[in-house]
Amino acid sequence: MQNYTEQYSALWDRCSTGLPDFPKSYNDEEKLQKELVLDQFLKLIKSFRKERSKRKLLAGFDKRLFLERTREFLRDGLDFTESQLEMMFSDELIEVTRTFVRQARAFDADLSFHDIFQACRNVWIMNGLQLIMGIPMQLTDSIFAYSMLYPYSDNIIDDPNISGFEKMVFSKRFRDRLSGIKLEASTKTEIAIFRLVEMIEEQYSRVDFPEVFESLLGIHEAQTRSLYLIHDSDSMSYREVLKICLTKGGASVVADGYLVAGRLTEAQRYFLFGYGAYLQLLDDIQDVEEDQNTGLMTVFSKEHRLAPLDDKVNKTYWFGEQIMKSLEFFDGQHIDLFKSLMRRSMDLFIAEAIAQNPDAYSEIYKATFELSSPFHFSYIRKRKEHFMQYNGFLLTAIEEIAFVENLRTRHPKVVLKE
């Protein structure tokens, strides 16, 4: 991991700070038209969620109708192509999503829908890896278990009511269990975590697939080191912060790859580390304001409010472009389509992040990026209040696919305002 971190931090240094190549621009009339499309989609979400508050399950017809309307929004509002939508709305992916939500509910009925949806996002990343690796898209026990592990561990690490000492004890016991040591669970959370590790062990023998468990220890170590971004942030250099962020993201997706395939080539590991690092940088762009307020240092929050983030966001764009070139290491189907889907999704993701944090960017930069956005930035800020915090328009739309399987009659944490 250290070698990959050095290589990708050097790649980051080489990346241009020039503006991205925007594939399309939108005039005011086009933006207003697409904003009407989104307004209609918001009304649809409200309507369906009200219906779900009255009964446990939507009828099959209602589910199909909602999926059809969601697909129309992604096409007419966000300009995804029919080929991209075929991939996003494949029967296999929808079935995996529904199965995952049902299994998560069965595994722990007390999990919030927010936790389940966050875990589901990792399932989708792993489904994408199945696609580019030529592996049938399905929800395996290991994919389920790995995606569920981190809502539990993150909730402990992020809980201000749990002392630093207790977190250290938990981290040590979690690492011991990942190492293969059999421990007696002492809390409800440990019972869940140890069972999830056991599910991975049942699919992958520690003797035959040692790299699987080495990758799990790798992400655990990277996440533990990332705690320095809070506790020692004042004494850390920009270079140290960059490397910790790259390692955390990279190690996570390398583990994804091992849990999908069992074994990886060196070239595949190299791509997966870079892909994970790129996704981490994108998350940090999106969360820059929150990270700044909580004292979490990232490449972006460390200098937030000191200078515009224009150049760093541009670097992230070109960093991602370099990463996607490494997809040639895989022999699955639809590589070019997968690449185009990622590019479109990330373009929207970055534009929304800039719109939501206007004080972090120069006026000319915001104006330039707004040209490539299907919505006015002022409109995005206004409508964003209707969504779960930090959940963009694209994810809010996709979230509904999972939401229809949320069988509880109580209101989940993620609700649209009336």
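The values are calculated or read from the model by the stated rules, or taken from the named source; none is laboratory data. Keep in mind the model is a prediction, meaning the values are calculated, not measured. Methodologically, a virtual Cβ is constructed for each residue, glycine included, from the backbone with ideal geometry; neighbour enumeration extends over all protein chains shown.
The residue list ARG98, ARG102, ARG121 contains one member that is among the charged types (D, E, K, R), in contact (Cβ under 8 Å) with a residue 24 or more places away in the chain, in contact with a helix residue (DSSP H, G or I) (Cβ under 8 Å, 6 or more places away or on another chain) and more than 30 Å from SER326 (Cα to Cα), which is ARG98. Residues in segment 306-334 that are at pLDDT below 90 and aliphatic (A, V, I, L, M): LEU306, ALA307, LEU327. Within segment 180-214, restricting attention to residues that are part of a helix (DSSP H, G or I) and among the basic types (Lys, Arg), which residue is surrounded by the most Cβ atoms within 10 Å (Cβ to Cβ)? Within segment 180-214, the match that is surrounded by the most Cβ atoms within 10 Å (Cβ to Cβ) is ARG195. Can you find a residue in segment 159-170 that is under 23 Å from ALA104 (Cα atoms) and either small (Gly, Ala, Ser) or out of contact with any strand residue (DSSP E or B) (no Cβ under 7 Å at 6 or more places or on another chain) (or both)? Yes, segment 159-170 has at least one match. Cβ separations smaller than 6 Å between residues 6+ apart or across chains give the following pairs from segment 194-216 residues that are closer than 13 Å to GLY257 by Cα and at pLDDT 95 or above to residues that are aromatic (Phe, Trp, Tyr) and not in a loop (DSSP other than H, G, I, E, B): GLU211/TYR258; VAL212/TYR258; SER215/TYR258. Selection over segment 235-255 of residues that are under 21 Å from GLN203 (Cα atoms) and either surrounded by fewer than 24 Cβ atoms within 10 Å (Cβ to Cβ) or small (Gly, Ala, Ser) (or both) gives a count of 3.
Collect the residues in segment 258-286 that are touching a helix residue (DSSP H, G or I) at 6+ places or on another chain (Cβ under 6 Å) and assigned to a loop (DSSP other than H, G, I, E, B), keeping them in residue-number order. LEU264 - this is the single residue of segment 258-286 that is touching a helix residue (DSSP H, G or I) at 6+ places or on another chain (Cβ under 6 Å) and assigned to a loop (DSSP other than H, G, I, E, B). Only one of the numbered conditions (1) surrounded by fewer than 19 Cβ atoms within 10 Å (Cβ to Cβ); (2) under 21 Å from SER147 (Cβ atoms); (3) over 22 Å from the mean Cα position of the chain (by Cα); (4) hydrophobic (A, V, I, L, M, F, W, C) is violated by LEU217, and that is (3). Scanning segment 78-101 turns up no residue that is of a type outside the set (A, V, I, L, M, F, W, C) and touching a Phe, Trp or Tyr at 6+ places or on another chain (Cβ under 7 Å).
Conditions tested, residue by residue: (1) surrounded by fewer than 16 Cβ atoms within 10 Å (Cβ to Cβ); (2) farther than 17 Å from ASN314 by Cα; (3) out of contact with any strand residue (DSSP E or B) (no Cβ under 9 Å at 6 or more places or on another chain).
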{"residue": "MET1", "(1), (2), (3)": "no, yes, yes"}
{"residue": "TYR4", "(1), (2), (3)": "no, yes, yes"}
{"residue": "ALA10", "(1), (2), (3)": "yes, no, yes"}
{"residue": "SER16", "(1), (2), (3)": "yes, no, yes"}
{"residue": "PRO20", "(1), (2), (3)": "no, no, yes"}
{"residue": "ASN27", "(1), (2), (3)": "yes, yes, yes"}
{"residue": "LEU32", "(1), (2), (3)": "yes, yes, yes"}
{"residue": "LEU36", "(1), (2), (3)": "yes, yes, yes"}
{"residue": "GLN40", "(1), (2), (3)": "yes, yes, yes"}
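For SER53, the criteria (1) assigned to a helix (DSSP H, G or I); (2) at pLDDT 75 or above; (3) of a type in the set (S, T, N, Q) hold in every case but one, which is (2). Answer yes or no as to whether ALA222 is among the small types (Gly, Ala, Ser), within 24 Å of PHE144 (Cα to Cα) and surrounded by fewer than 16 Cβ atoms within 10 Å (Cβ to Cβ). No.
Checked against (1) among the hydroxyl-bearing types (Ser, Thr, Tyr); (2) in contact with a Ser or Thr (Cβ under 9 Å, 6 or more places away or on another chain); (3) within 21 Å of MET1 (Cα to Cα); (4) without any contact (Cβ under 8 Å) to a residue 40 or more places away in the chain, SER237 passes all but condition (2). Just one of the listed residues (PHE107, PHE80) is of a type in the set (Phe, Trp, Tyr) and buried (at least 17 other Cβ atoms within 10 Å of the Cβ), namely PHE80. If you filter segment 215-234 down to residues that are among the acidic types (Asp, Glu) and not in a loop (DSSP other than H, G, I, E, B), you find that the one that is nearest to GLN268 (Cα to Cα) is GLU221.
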